[in-house]
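The structure appears below as structure tokens.
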Amino acid sequence: MYVCDSCGGLLDVHHDLDALKPTVTRALFESRLGALDAPYNSGVWRYKELIYPDISDDMIVSRPEGNTNLYRQASLAAWCGVDTLYLKHEGENPTGSFKDRGMTGGLTQARRLGMQRVACASTGNTSASLAAYAAFAGLEGIVFFQNKQVAVGKLAQAVAYGATGVRIDADFDKNLELVRTVSEALGIYVLNSVNPFRLEGQKSIMFEVLQQLKWNVPDWIVVPGGNLGNSSAFGKGLWELHHLGLIDRLPRVAIIQAEGASPLYEAYQRGFDRLVPQKADTIATAIKIGNPVNYAKAVRTIHWTNGVVESVTDQEIMDAKALIDASGIGCEPASACSLAGTSKLVEAGIIQRGDSVVGILTGHVLKDPEAIINYHSDQLPHIRPAYPTRLYESGPSVEELSRILLREPANPLKSVRG
Ligand code: F0G
């Protein structure tokens with residue numbers, strides 16, 4: 001069951017926060033930091049009372065996930081025009097994206113329900129994560145891809161983890177429709193973000209950020225938006241923390257979409273009158289989504305947190321990615337929306353220089369190696385690399401190599417450090 005019988009909207013997991021209030025304290029979560037044993041060694045299950053309070057520990061499917069780094073990189077903050085910028089790297093999860101935090105929740109519920117098969121449609125990361133977690137739990141994983149534009153790192157993962165993969169001549173939005181219909185007919189459990197247990201896991205990103213900041217609330221959380229599962233989960237998680245008194249105010253959430261896949265941004269511009277689906281197209285293939293299923297929950301996040309929605313071009317995404325990569329942190333294209341979007345919101349005067357910002361990096365740099373090579377070798381249509389790294393060729397000659405190495409070093413961050 002994923003939708004409400006009467007209104008057709010997506011379901012939420014509802015926690016009895018008033019009953020949890022006496023036991024759920026900062027001290028409880030502090031006491032589990034550094035835990036070596038399951039389930040509290042996971043950055044999701046450390047917050048078990050707010051994820052799935054009554055599940056028995058032996059039902060939990062955990063790798064474990066989470067415990068990802070929160071980086072502070074002065075050069076990237078300077079490039080954006082803010083004093084304080086943190087990057088939360090969700091690409092450091094077991095399969096290289098934030099989806100693992102959702103999948104631990106989803107697979108745990110699949111096991112509890114006694115399901116044998118789990119399925120998703122995916123732009124790539126959900127399928128990599130589902131394939132791994134299904135294999136780990138001993139269930140069959142089924143993944144529907146579009147037959148073009150799936151980043152090679154992601155496709156390879158689903159195959160490696162042994163999922164039943166189907167490439168379909170349709171885009172993500174159509175594939176999601178198909179997986180929901182086929183799964184209903186065949187009794188397969190759907191683990192796209194229509195599944196509320198996925199979002200429960202993903203909201204732990206906010207819990208972990210706040211705990212890493214010693215519960216000091218940043219002014220902004222900036223997150224890429226595709227199917228809007230993360231954006232929805234973040235709003236719910238932050239609202240819960242606030243209701244429980246673990247934080248004293250809510251940060252503002254900024255959702256950043258790629259210009260070619262920006263139905264939420266378009267709706268935001270029109271005062272959220274309604275969602276008008278688009279035919280999506282962007283180099284950030286992870287978020288090439290034109291009809292986000294979590295639209296209503298993402299709008300709720302914007303309302304709860306006094307948030308904003310922005311869009312960025314593919315050029316802006318790839319240049320921001322080049323800088324994140326050259327800082328040594330690295331991420332996949334969609335993740336770079338966080339940096340590109342922060343910079344744009346500073347330019348627009350919405351984020352102030354003195355504001356503290358946490359940007360979410362959603363996927364690992366190795367997910368999409370083709371995008372990297374094509375950017376730096378200037379092979380991307382309609383994109384000119386502003387921060388190229390040159391790859392040199394040399395014969396096996398000391399003179400030739402010396403000539404190369406005696407040139408002025410060209411790290412793109414040198415110029416932005418100013
Ligand atoms: N960043 C990355 C790297 C993603 O893989 C996705 C979504 C998003 C951002 C957007 O997150 O959908 O919660 O708004 N990828 C999905 C997938 C759609 O199939 O892997 P969202």
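Please treat every number below as a calculation from the coordinates, not as lab data. Predicted model only: the values in this text are computed from it and were never measured. Because the Cβ atoms are built from the backbone with ideal geometry, glycine has one as well, and the counts that use them run over all protein chains shown.
Working note: Cα atoms of segment 216-299, range along each principal axis, descending, whole Å: 42, 26, 19. A straight Cα-to-Cα reach below 18 Å connects Lys297 with the aspartates and glutamates Asp5, Asp12, Asp173, Glu200, Glu240, Glu266, Asp273, Glu310, residues fewer than 8 places away in its own chain not being considered. What FRET efficiency, computed as 1/(1 + (r/R0)^6) with R0 = 56 Å and r the Cβ-Cβ distance, is obtained for Ala296 and Leu391, rounded to the nearest 0.05? Efficiency computed from Cβ-Cβ geometry: 0.75. Our note on the geometry: Cα centres of segment 330-396 and segment 79-108, 16 Å apart.
Here the chain is treated as an ellipsoid with the same Cα gyration tensor; its semi-axes, largest first and in whole Å, are 33, 25, 22. Sorted from longest to shortest, the spans of the Cα atoms of segment 70-112 along the three principal axes equal 47, 15, 12 Å. Amide H contacts of Ala254 (H built 1.01 Å from N, in plane; Pro and chain starts excluded): Ile221, Val222, Val223, Val308 sit under 5 Å, all sequence-distant by 5 or more or on other chains.
For segment 347-418, the spread of Cα positions along the three principal axes, ordered from largest to smallest, is 53, 29, 24 Å. Among Ala296, Ala27, Ala132, the largest mean-square fluctuation in a Gaussian network model of the chain (Cα springs under 10 Å) belongs to Ala27. Segment Arg353..Ala135, full-extension length gain: 73.9 nm, with 0.36 nm per residue of separation and the alpha-carbon distance subtracted. Only beta bridges with both residues in the chain are counted; by DSSP, about 15 percent of them are antiparallel.
Panel order for Glu184, Glu90, by other beta carbons found within 10 Å of each beta carbon, from fewest to most: Glu184, Glu90. Ordering Asp325, Asp57, Asp368 by the number of other Cβ atoms within 10 Å of each residue's own Cβ, fewest first, gives Asp57, Asp325, Asp368. Average projection, convex hull of the Cα set of segment 1-122: 11.4 square nanometres. Of Leu264, Leu113, the sequence from fewest to most neighbouring Cβ atoms within 10 angstrom is Leu113, Leu264. Pairs from the list Lys203/Lys321; Lys99/Lys279; Lys88/Lys174; Lys48/Lys279; Lys214/Lys288 with a Cα-Cα gap above 28 Å: Lys88/Lys174; Lys48/Lys279; Lys214/Lys288. Distance between the modelled labels on Asp37 and Asp169, one decimal in nanometres: 5.6 nm (7 Å Cα→Cβ projection). Note on segment 25-59 and segment 168-235: Cα centroid distance 20 Å, given to the nearest whole angstrom.
Peptides 220-230, 245-255, 99-109 ranked from most to least packed, by the mean per-residue count of other Cβ atoms within 10 Å: 99-109, 220-230, 245-255.
Per the Cα gyration tensor, segment 124-260 maps to an equivalent ellipsoid with semi-axes of 32, 17, 14 Å, ordered largest to smallest.
Result for the chain in a Gaussian network model with C-alpha springs under 10 Å: among Leu405, Leu36, Leu361, the largest mean-square fluctuation is at Leu405.
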